[in-house]
Amino acid sequence: MNATVRSALQAAASALNGAKSHGPKTREGKATSSLNSVRFGFSAAHLLLPGEDAAAYEAFLDSWFAALAPTTLPEAASVAQLADTAWKLERLSRVENGRMRARLEEVLEKTDEFKTFDNTRMVLAMMTGFIEAVDAVPSPPTDAERTSAFLAGVEQTVKMLRELPGLPMAVVEPLASALKMAQERKEMERIPPAIYENLGNMARVVKGALGMKLAEEDAVLGPLRERLAAEVLLLEDVDLRKLEKARRTLEGTMQRQLAILHQLRAQLANTKMENPTETQALRVKLRLVR
C-alpha cells in the first residue's frame with residue numbers, strides 16, 4: 001500500500017479511536033479541545049462560519065455520502081474530506097460573487113448616470129420627509145421661530161429642486177409660488193392654514209414627478225450595469241486575485257482527495273464486500289458533534 005493511501009487509513013483510524021474518548025474534564029482541557037475535531041483535527045465548532053447553517057452543511061454532507069456510497073471507514077473518511085472541500089468551494093463562490101458585485105457598484109457609482117440617480121433619490125427622500133411632517137402636523141407652526149425654521153427648510157428644498165438636472169421647472173414653480181406666499185405672510189408669525197395646506201399639496205405634486213424621474217433613471221442603470229460588468233471582470237483587483245488563488249488551492253486539494261478515494265477503492269476492491277446499507281452507518285460514525 002502506498003504512502004498516500006496509508007495516511008488516509010491512519011487518519012480514518014484516528015477518527016474512529018477518538019470517538020471512544022469521553023473528552024477532557026478540566027476547563028483548560030475543554031478550551032483546548034474546542035479547537036480539535038471529531039474528524040481529522042478540525043474543529044466541529046469552527047468548521048462553519050458565522051451565518052452558515054449547520055443543518056444545510058449536514059444535508060450537503062449526506063448528499064456526498066449518498067452519491068459516492070462509501071462502504072469502508074477509509075472510504076467514508078475520504079468522502080467526508082471531499083465534501084468539506086466542496087463546501088469551502090461553494091463558500092468561496094459566494095464570496096467571489098459578492099466581491100464582484102461590490103466592485104461593479106464601485107465603478108457604477110463613479111458614472112454620471114448614477115450620480116444623477118443618486119441626487120434624485122436624495123431629493124425625493126427630502127420631499128417625502130417634508131410631506132410626512134406636514135401630514136403629521138396639519139396645522140402651521142404657531143410661533144415666529146418655528147415658522148422661520150420651517151420656511152427655511154422649504155426654501156432649501158426648492159433650491160435643490162431647481163438645481164436637479166432633468167426636472168421640469170413647471171413642476172417646481174407651483175411649490176416655489178406657495179413658498180413665496182408663505183414668506184410674504186411671515187410677519188403674521190403664523191402661516192395661514194390655507195397656504196400651509198397648499199405647500200403640502202404642491203409638495204405632493206413634486207414628489208410624484210420625482211418618483212417618475214427616479215424610475216426612468218433607474219431603468220438606465222440596468223443596461224449600464226450589464227455593460228460595465230464585463231469591464232469590471234477585467235479590472236485589477238487584489239481581493240479577486242487572492243480569491244482566485246484560494247480557488248486553485250482548493251481545487252488542487254479536491255483533485256488529490258479524489259485520487260486518494262480512487263486508490264482506496266482500487267486497493268480494497270478485492271478484499272471488501274459491497275454492502276450499500278453500510279453507508280448510513282459510516283456516515284453516522286463521522287457525523288459532526290454539535
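So the values come out like this:
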{"read-out": "LEU124 in a helix (DSSP H, G or I) and either within 30 Å of LEU268 (Cβ to Cβ) or open to solvent by 50 Å² or more (accessible area, probe 1.4 Å) (or both)", "value": "no"}
{"read-out": "Test set (1) farther than 28 Å from ASN119 by Cα; (2) without any contact (Cβ under 8 Å) to a residue 12 or more places away in the chain; (3) of a type in the set (S, T, N, Q) - THR253 fails condition number", "value": "(2)"}
{"read-out": "Cβ pairs under 8 Å, 6+ apart, first in segment 65-84 and free of Cβ contacts under 8 Å to residues at least 40 places away in the same chain and of a type in the set (Ser, Thr, Tyr), second surrounded by fewer than 21 Cβ atoms within 10 Å (Cβ to Cβ) and in a helix (DSSP H, G or I)", "value": "none"}
{"read-out": "In segment 50-85, the residues that are among the polar types (S, T, N, Q) and loosely packed, with under 14 Cβ neighbours inside 10 Å", "value": "SER63"}
{"read-out": "Helices (runs of 4 or more DSSP H) within segment 1-116 that include 1 or more residues touching a strand residue (DSSP E or B) at 6+ places or on another chain (Cβ under 8 Å), at pLDDT 85 or above and acidic (Asp, Glu)", "value": "73-108"}
{"read-out": "Of all residues in segment 137-180 being of a type in the set (Val, Ile, Thr) and open to solvent by 70 Å² or more (accessible area, probe 1.4 Å), the one that is farthest from GLY200 (Cα to Cα)", "value": "THR142"}
{"read-out": "Per-region count, segment 86-121, residues over 30 Å from GLY252 (Cα atoms) and open to solvent by less than 30 Å² (accessible area, probe 1.4 Å)", "value": "5"}
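The values are calculated or read from the model by the stated rules, or taken from the named source; none is laboratory data. Note that the structure is predicted; figures quoted are calculated from it, not measured. Cβ atoms come from the backbone with ideal geometry, glycine included; neighbour counts cover every protein chain shown. The protein model used for the area step is the full one, side chains on, heavy atoms only, and it has no ligands, DNA or RNA in it. Shrake-Rupley method; radii C 1.70, N 1.55, O 1.52, S 1.80 Å.
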